[in-house]
1. With N set to the residue count of chain A, report its C-alpha Rg divided by 2.2 N^0.38 Å to two decimal places.
2. What is the angle, in °, between the Cα long axis of helix A:184-199 and the longest principal axis of the Cα atoms in chain A? Nearest 10 is fine, range 0 to 90.
3. Report the net charge of residues surrounding A:Ser67, where surrounding means a beta-carbon distance below 10 angstrom and charges are Lys +1, Arg +1, Asp -1, Glu -1.
4. Report, in order of residue number, the helices in chain B meeting two criteria: a C-alpha extent of 27 Å or more along the helix axis, and a mean Kyte-Doolittle hydropathy of at least 0.5; treat each whole DSSP H run as one helix.
5. Please report how far the C-alpha centroid of segment B:248-275 lies from that of segment A:1-51, rounded to the nearest whole angstrom.
6. Take the alpha-carbon positions of segment A:129-251, form their convex hull, and give its projected area averaged over all directions (one quarter of the hull surface) in nm².
7. Segment B:222-288: D in µm²/s via Stokes-Einstein (Kirkwood Rh, Cα pairs, 20 °C, 1.002 mPa s)?
8. For segment B:151-226 and segment A:227-245, what is the separation of their C-alpha centers, rounded to whole Å?
Amino acid sequence: MSVSMSTLPRAIETKGLTKTFGGLRAADALSIYFPSGVATGLIGPNGSGKTTLMNLLTGTLEPTEGSITISGKTFEVIEPDMLRDLKIARTFQDGRLVNQLSVEDNLLLAIASVGTRAGLGEIGIAGYGARVDAMLKKIHLEAHRGANAEDLSYGQRKLLELGRAIIQDADIYLLDEPFTGLFPAVVEQVAELLGELKRAGKTLVIIEHNIGLIRRLADNVIVLDHGQKLAAGVPEDVLKNKRVQEAYLGV
Amino acid sequence: MEYLLNLGILFSIYGVLALSLNMVVGMAGLLSLAQAAFYGIGAYATAIGMTELGLNFFVSLGLGAVINIVAAGIVGRILSRWKSDYYAVVSMGFSIIVFSVLLNWKELTRGPLGIFGIPKPSIFGYSIDTNLGFLMLCLFILGIVFGIYRWIDRSSFGRAAKAIREDEQLAQVMGYPTRRIKSILFGLSAVVAGVAGGLFASYIAFIDPTTFQVKEGIFLFTIIIIGGLASSRGAVLGALILLSLPEVLRFIGLPFSIAAQMQQIIYGSALVLMMVFKPKGFLGKYRM
Ligand SMILES: Nc1ncnc2c1ncn2[C@@H]1O[C@H](COP(=O)(O)OP(=O)(O)OP(=O)(O)O)[C@@H](O)[C@H]1O
Ligand SMILES: [Mg+2]
């Protein structure tokens, strides 16, 4: 199985990717890849550099060194406004929404035209009504479409953020702790949505601390520790690995 | 009657200015203190265009618009890397520079002496030389600017601007070229403020640089904060409130010298109270 991972096309690949904060190497010469059409669990202890890696991949942090190849194109610097064209959608660990805009506007933001002329030509919901309706239903927020994002509950915010990513119909989804802090019923809803993305053949990168969820959703796992790659491969193998157990599972 | 017409004209001009400022501050969260500069450039372009160059009013407005686009193009591009504190400081610097150019480039602007005898507009040979006519023109332009504001406000472009004011990086992650969006709004707002300047110059017939100091930009800030950030109606309401205030003070019989002081105190207190108790202003759709 791990052999077959390496033969799959690579949605994202990094070479020597490094990010230093002062003396701290939050990403330390990372050369890793995320196979196309596969759900990869990105795990590691607190502060191991998972979020930093995701930020480097989406241009919200600039690498100190190294390169990133996305769908065959290699970049030294990625600007976040390239993500739409690269068909990458992401969510944030701290749940970022535009708080003073409505639920509907938060979804529209993800799919409306980005060009000036095209953007000025789209008034209100424009031609996006059907997509927005469908997504609101999926994330169980139909009754809240006009509410400001800041008035949602924590779980609703998490769902809205995930919905905002999914509605983009991207190829690659980078999800930073989509389950954290959710009630079991909402965990199931999120797992359901991710399952749907998997069945649609999307590439998923899921940062998650809960090993049970990783086993359930991920077909591939990358373990980070102190900004370095500790292990990578299929979940059964990786989670059995001695060093992983020492570093992460505290066994 | 003339008194009400006069008030109406000033209200329309400040309505246009307030809308222009709300295009940057309200829509995109850009704390611009440059508005007085573009207002002044528009006023001087009209004054010089109509007196020295003998141009038609509307051609002079166009001249002001061109100068403002060039100036805002340069300044806006520099400003576009910021949003709040740096934006405020650098845009204020620009405003101070423009003021001192107006004051010191005497060959062009006559400096502190100001420019006299700025004519009224004429359309197809008809001179708009009554206050009623001028009010109509001002309201017409206010209506157009109001329409433009609402159009942008409801468009996808406007939605992106509103994302920028809260979380610019998130707007980028959604694919929006945020620096370009900020520059475009800044440029548009400059042109609109310049039109207000042209109207003002032609109405008052005499301008000097003191009208176009940074404090005028702060006054416009007061208008939109009290009327309502990010709201087209709020901008207009704010202009109405703040322009009527001196009249109200006069009406209740305060002597001019006291009324002038009172006015500043009331503006200041209103700002403080608004920020504390009603941070969106009366009709606002956004709190900073
Ligand atoms: N902007 C920053 N400035 C300075 N240090 C940072 C910054 N961002 C992250 N770090 C540091 O880099 C290291 C990696 O942080 P990161 O957030 O990537 O970890 P993580 O694996 O996502 O952890 P968690 O599981 O807690 O979310 C940490 O030591 C963190 O303190
Ligand atoms: Mg993290």
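Rule-based calculations on the coordinates, nothing more; no lab input. On a predicted model such as this, the values are computed, not experimentally measured, just so you know. Here the Cβ is made from the backbone with ideal geometry for all residues, glycine too, and neighbour counts use every protein chain on show.
1. 1.02
2. Between helix and principal axis, roughly 80 degrees.
3. With Lys, Arg at +1 and Asp, Glu at -1, the neighbours total -2.
4. On the way: long enough: B:2-28 (38 Å, 1.57); B:57-79 (31 Å, 2.03); B:85-104 (28 Å, 1.51); B:131-154 (34 Å, 1.44); B:178-204 (39 Å, 1.16); B:232-251 (28 Å, 1.28); B:256-277 (30 Å, 1.47).
Helix filter hits for chain B: B:2-28, B:57-79, B:85-104, B:131-154, B:178-204, B:232-251, B:256-277.
5. Computed from Cα coordinates, the inter-centre distance equals 63 Å.
6. For segment A:129-251, the mean projected area of the Cα convex hull comes to 8.8 nm².
7. On the way: Rh = 12.1 Å.
Here the translational diffusion coefficient equals 177 µm²/s.
8. Centre-to-centre (Cα) distance: 54 Å.
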